[in-house]
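The values are calculated or read from the model by the stated rules, or taken from the named source; none is laboratory data. Only a predicted model underlies this, so the values are computations on that prediction, with no experimental measurement involved. Here Cβ is always computed from backbone atoms with ideal geometry, including for glycine, and neighbour counts include all displayed protein chains. Just the protein is used for accessible areas: all its heavy atoms, side chains included, with ligands, DNA and RNA removed. Shrake-Rupley method; radii C 1.70, N 1.55, O 1.52, S 1.80 Å.
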Amino acid sequence: MHETHLAITTQGFSSAREVLSFCRVHDCFAAEYTFSREAVQLHEVEQELPEVEHLLNAGVLMRYHLAFKNRELADPDPTLAREALDFYRNCIQIVAGLGGRHVTLHIGLAAEDHSRLNYRTAADSLRTLAMVGDEYDVSVCLENLRTGPTSVPDSFWDLLRESGLQATLDVGHARAAEVAAAKPGYALEFIRRCGTRIRGAHVYDIERVPKSGGPAWHAAPEDLTAIRPLLDALLAHSSCDWWLIELPHVDEKIRTLHLLRHYLAEADHLLPTHHQLEEES
């Protein structure tokens, strides 16, 4: 069983100093930096670099989350799709310049209607970004979403296989897709299909959408019962060594950090024998 790093998201903090204070108090020196989701120009990303460097200089182990709502690789407008590709290519170069070795990105992140998007163009762009990552020694990971083609295990695997990308498994998205599909065990299919490609995980209970409408939100686990089969499978049947607690509120981060530390401390005893998954590369 590989060593697993527990990390926190920088989302929910107002500054790198706040992040570092949390790291010191809770002895968790690993974080995934989410650049501003509103950024559309490189200078908007570059202006955040002093914050990133503050964490790096303090010894925090860092990965990077490229969750830009307005830069869509599957944009149906060819010009906008090319601009998005150039933007992500430059962001990977920026991360490499920081000494970063992992980035996570998405397709269809802000889509209200996935049928309007051009996933063939996206697949070609993802292939290009995989090559850029290889050139700069950065592992480029595609994240599964709650809806759209990346919410379907087989479609997600096809994109990984065609592009050569690695994967970030979002546990809460996978569970939400399972609920929508009404198929018990559906979320585990992501690990069955993609286990050897999975380099990191976003760990929380489930992504929920308010019944009255509005933005989706991440629910924190009260305990690990619901997500334990996925955690077990990640340990036993994936290449994942990074569990990011993707929760914005400090109290939820703390509680989930304690739950996961306790789980990992006993992981050798908790790994089940009945979730035997076939690895695929």
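Taking residue 85, is it open to solvent by less than 40 Å² (accessible area, probe 1.4 Å) and more than 20 Å from residue 162 (Cβ to Cβ)? Judged against the criteria, residue 85 is not a match. Checking each residue in the range 143-164 for being surrounded by fewer than 22 Cβ atoms within 10 Å (Cβ to Cβ) and part of a loop (DSSP other than H, G, I, E, B) picks out 146, 147, 152, 164. When 55, 42, 80 are checked against the criterion of being over 21 Å from the mean Cα position of the chain (by Cα), more than 20 Å from residue 121 (Cβ to Cβ), of a type outside the set (Gly, Ala, Ser) and surrounded by 14 or more Cβ atoms within 10 Å (Cβ to Cβ), 42 stands alone in meeting it. So, residue 24, is that one open to solvent by 40 Å² or more (accessible area, probe 1.4 Å), under 29 Å from residue 114 (Cβ atoms), out of contact with any Asp or Glu (no Cβ under 7 Å at 6 or more places or on another chain) and of a type outside the set (A, V, I, L, M, F, W, C) or not? Judged against the criteria, residue 24 is not a match. Only one of the numbered conditions (1) surrounded by fewer than 23 Cβ atoms within 10 Å (Cβ to Cβ); (2) more than 16 Å from the chain's Cα centre (by Cα) is not met by residue 139, and that is (2). Applying a threshold of 7 Å to beta carbon distances and a minimum spacing of six or more residues, or different chains, the list of pairs starting in the range 66-95 at a residue that is over 16 Å from residue 106 (Cβ atoms) and ending at one that is part of a helix (DSSP H, G or I) and at pLDDT below 95 reads 76/116.
Go through the range 95-109 and give me each residue that's surrounded by 20 or more Cβ atoms within 10 Å (Cβ to Cβ) and at negative phi.
Going residue by residue through the range 95-109, those that are surrounded by 20 or more Cβ atoms within 10 Å (Cβ to Cβ) are 95, 100, 102-109.
Within the range 95-109, 95, 100, 102, 103, 104, 105, 106, 107, 109 meet the criteria.
Condition test on residue 28, is it over 26 Å from residue 150 (Cβ atoms) and part of a loop (DSSP other than H, G, I, E, B)? Yes: the conditions hold for residue 28. Report yes if residue 192 is under 26 Å from residue 251 (Cα atoms), modelled with pLDDT of 95 or more and open to solvent by 50 Å² or more (accessible area, probe 1.4 Å), otherwise no. No: the conditions fail for residue 192.
Could you say whether any residue in the range 198-211 is part of a helix (DSSP H, G or I), open to solvent by 40 Å² or more (accessible area, probe 1.4 Å) and out of contact with any His (no Cβ under 9 Å at 6 or more places or on another chain)? If you could, list the steps in order and put the result at the bottom.
Going residue by residue through the range 198-211, those that are part of a helix (DSSP H, G or I) are none.
Checked against the condition, which is being part of a helix (DSSP H, G or I), open to solvent by 40 Å² or more (accessible area, probe 1.4 Å) and out of contact with any His (no Cβ under 9 Å at 6 or more places or on another chain), the range 198-211 yields no hits at all.
Going by the conditions given, is residue 217 out of contact with any helix residue (DSSP H, G or I) (no Cβ under 7 Å at 6 or more places or on another chain) and surrounded by fewer than 22 Cβ atoms within 10 Å (Cβ to Cβ)? Here the answer is yes, as residue 217 does meet what is asked. Across the range 148-174, the number of residues qualifying as over 14 Å from the mean Cα position of the chain (by Cα), in contact (Cβ under 8 Å) with a residue 40 or more places away in the chain and within 22 Å of residue 235 (Cα to Cα) comes to 2.
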